[in-house]
Amino acid sequence: MALLQISEPGQAPDPHQRRIAVGIDLGTTHSLLAAVRHGVAECLPDAQGRLLLPSAVRYLEGGRRQIGAEALAAQAEDPENTIVSVKRFMGRKLADVAGTEKLPYRFVDGAGMLAIETREGAKTPVEVSAEILAALRQRAEDSFDTDEIFGAVITVPAYFDDAQRQATKDAAQLAGLNVLRLISEPTAAAVAYGLDHGSEGLYAVYDLGGGTFDISLLRLTQGVFEVVATGGDAALGGDDIDHAVADWALAQAGVAATSAHDKRAALVAARSAKETLSSADSTLWQARLAGGPVEVPLTRSQLETLARPLIDRTLAAVRKVLRDAKLTRNEVQGVVMVGGSTRMPAVRAAVQELFGAEWPGQVLTNVNPDEVVAIGAAIQANALAGNAKDGELLLLDVIALSLGLETMGGLVERVIERNTTLPVAKAQEFTTFKDGQTAMAIHVLQGERDLVSECRSLARFELRGIPPMVAGAARIRVTFQVDADGLLQVSARELTSGVEAAVTVKPSYGLGDEQIAQMLKDSFVHAEGDMAARKLREAQVEAERMVLATQAALAADGALLSEAERAELQALISACQTAAQGADAEAVEAAVKALAEGTEAFAAARMNQGIRQALAGRRLEEV
Ligand code: ADP
Ligand code: MG
């Protein structure tokens, strides 16, 4: 008899059967690919030895494309057809890009989503991102000399909402990649530092890239990172430092850069000088302008003076996120530095200074700040593919804003609280409000506030075909399911009849980190007011329910009461209705209580009648 080889669960059966899984940092300005090889996570270069792939795609005649450095080089000569920073448009609608007139693109509406008109037709951000991902997939296949990449972990900003995550997944699918999971960029950076194996507690991730600054607070508990808070500035990064340097150098040289070409040349020179000064003390700003080459000497200390106001803005954002989360600097055990601009010694020093000399934590800089996110993603991908060694925990993300349903009175019932670890499924039972109600409108909301009007509407659907029953008898179980990538599915099922309805939520427009931060802040500020509003709405709903039930009972069995008794109940009903019009929750509650007490005798009479009717014509033994 042949013996079958059986491997331990979770362990790779043998080295040849190791599954190849990659991590991808799909960045605004650069994208990177990394994988675990020979037990070490490393970034994989292209055939020319380059690690960073500029996130740029140029559409040429005849369906040809240039991706990466080649596209970027052609940006100045062919701006309309060379798409850069497409990440900013992921999951967005046409209306969301109002105010971006500075960009050379022609935005159009592509089946509800935004698209960019190029010489090869309209391209959606999903399609453009798919070109970048496909280039990285090709790089992976070449590096491993295989066409079987098992899957990829792709990173997204912590504040990406459902629509932006879904767009990222769609792009990966279009690029022929199997998405093992989307994880947040700060979580990936923390994983690259092995913090998930370190001591539990609070960490900050400071990510200063080319055009964006993100600050995230992560809490590690039992090997799981929660994104506690996010903040930053979507329009602040190394590019702004380049602008400051270019303007200064042009002024020093006494020349003006008026043409688009000269402006670009001045910026390119500024960026190059800035990057040199991260390791040298002085350098030359050298630009080939239309009027001839220009040179200006630049020292590190001059650069630092120019960059200071921009760096200070990042520090203000760090303080703000800590303040909003009601945390102090000393609670932070480490700051992970991410993004090319954190190579600047002035940036590192400023962060260290912000936390102070007495701070027991550490500024973590020893993993390459360009690569750290991709490396963390690669470590996750390797673990998800089942290649990890024993004891390596899988990290999970958390949802940024609570998810819930609209209930009577315009109130939100939260089903999944914010910061719940993904994936998660939670169910809650609801019932009908009116007798004979056969349909129920289900309205899915996101946010921390108690009132529907203050939360963000994600989706609406209806559960139809509920068999007619008295109010409160139907049992409708609504299940919220959020998968590991942060996508939500809501289903509703009436339990006695089995009728069902479901919706997958792909919100129609995105929320930026600032809006999320604002929504969270509002929920703190308005917590008390919301509680009062909730109390009033609940009392009003209860009043309406009581009135409906009493009216139904009067219509059915009013004959059991005397004229005077009926008049008295009518008066109590009117009092209840009047109180419910007002804004005094206590008065409404009192009126409801009075009506409930007033109907006690009537309810008893109805019950007796019911029993008499049930017993009529039956012998005692049968009961
Ligand atoms: P993103 O995440 O937005 O795609 P990156 O993390 O790749 O951006 O950072 C790009 C920025 O980092 C650019 O502004 C670039 O000039 C800057 N940068 C790269 N290397 C250095 C360096 N050695 N010194 C200073 N800035 C650098
Ligand atoms: Mg980045």
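The values are calculated or read from the model by the stated rules, or taken from the named source; none is laboratory data. From a predicted model like this one, the values you see are computed outputs, not experimental measurements. Virtual Cβ from ideal backbone geometry, glycine too; neighbours counted across all protein chains shown. For accessibility, only protein heavy atoms count, side chains too; no ligands or nucleic acids. Shrake-Rupley method; radii C 1.70, N 1.55, O 1.52, S 1.80 Å.
Three principal axis extents describe the C-alpha atoms of the stretch 528-615; from largest down they are 53, 26, 17 Å. In a reduced charge model with +1 at each Lys and Arg Cβ and -1 at each Asp and Glu Cβ, the chain shows a dipole moment near 340 debye about its Cα centre. Were the residues from residue 94 through residue 37 laid out at 0.36 nm apart, the gain over their Cα-Cα distance would be 16.3 nm. State whether the chain is rounded, prolate or oblate according to the following rule on the C-alpha gyration tensor (a ≥ b ≥ c being the square roots of its eigenvalues): a/c under 1.5 gives rounded; otherwise a/b larger than b/c gives prolate, and the remaining case gives oblate. Since a/c reaches 1.5 and a/b is larger than b/c, the shape of the chain is classed as prolate. The H on the amide N of residue 212, modeled in the peptide plane, is under 5 Å from the matching H of 236, 238, each at least 5 residues off or on a different chain.
Accessible surface of the stretch 528-615, 1.4 Å probe: 56 percent of it comes from carbon and sulfur atoms. Label reach from residue 299 (point 7 Å along Cα→C-beta): in the stretch 313-351, amide nitrogens under 19 Å belong to 345-347. Surface calculation, 1.4 Å probe, protein heavy atoms: residue 279 sits at approximately 100 Å² accessible. Computed from label points 7 Å out along Cα-Cβ, the spacing between residue 562 and residue 427 is 5.1 nm. Accessible area per residue for the stretch 528-615, computed on protein heavy atoms with a 1.4 Å probe, is 59 Å². Computed from backbone phi, the HN-Hα couplings of the stretch 351-356 come to 5, 4, 5, 4, 7, x Hz, rounded to whole numbers (Karplus: 6.51 cos²θ - 1.76 cosθ + 1.60, θ = phi - 60°; Gly and Pro given as x).
Taking amide hydrogens as placed 1.01 Å from N in the peptide plane, the amide H of residue 458 sits under 5 Å from those of 444, 445, 446, each at least 5 positions away in sequence or on another chain. Rounded to whole numbers, the Karplus 3J(HN,Hα) couplings from phi for the stretch 163-170 are 5, 6, 5, 4, 4, 5, 5, 4 Hz, using 6.51 cos²θ - 1.76 cosθ + 1.60 with θ = phi - 60°, and x at Gly and Pro.
Once both labels are positioned 7 Å from their Cα atoms along Cα-to-Cβ, the gap between residue 19 and residue 586 label points is 6.2 nm. In the chain, the longest principal axis of the Cα atoms and the axis of helix 513-525 are about 40 degrees apart.
Once the Cα-Cα distance is subtracted from the 0.36 nm per residue extended length, the residue 531 to residue 601 segment shows a gain of 21.8 nm.
With all protein chains kept in place, the per residue accessible area of the stretch 318-357 amounts to 44 square angstrom at a probe of 1.4 angstrom.
Over all other residues within a Cβ to Cβ distance under 11 Å of residue 556, the charged ones net out to -1, with Lys and Arg as +1 and Asp and Glu as -1. Where both bridge residues fall in the chain, DSSP classifies roughly 80% of the beta bridges as antiparallel.
What separates the Cα centres of the stretch 146-200 and the stretch 434-462 is a distance of 31 Å. Rolling a 1.4 angstrom probe over the stretch 238-306 with all protein chains present gives an accessible area of which 50% lies on carbon and sulfur atoms. Karplus-based coupling profile of the stretch 199-212, in residue order and whole Hz: 7, 5, x, 9, 10, 10, 10, 9, 10, 10, x, x, x, 9, with θ = phi - 60° in 6.51 cos²θ - 1.76 cosθ + 1.60 and x standing for Gly or Pro. For the stretch 238-306, the solvent-accessible area works out to 54 Å² per residue, with a probe of 1.4 Å and every protein chain left in place. Calculated mean residue ellipticity at 222 nm for the chain: -11500 deg cm²/dmol, from DSSP H runs with n ≥ 4 weighted as -39500 (n - 2.57), summed, divided by the residue count and rounded to 500. For residue 119 and residue 279, a Förster radius of 45 Å and the Cβ-Cβ distance give a FRET efficiency of 0.65, rounded to the nearest 0.05. Could I have the simple spin-label model distance between residue 142 and residue 60, label points 7 Å from Cα toward Cβ, reported in nm to one decimal? Label at residue 142, label at residue 60, 1.6 nm between them. Counting only alpha carbon atoms, the long axis of helix 600-615 and the longest principal axis of the chain meet at about 70°.
Proximity of backbone amide H atoms, modeled 1.01 Å from N, is registered between residue 27 and 32 at under 5 Å, excluding neighbours fewer than 5 places apart on the same chain.
Heavy-atom accessible area for residue 359, with the other protein chains in place and a 1.4 Å probe, reaches approximately 20 Å². Between helix 238-253 and the chain there is an angle of about 40 degrees, using the helix long axis and the longest principal axis of the Cα atoms.
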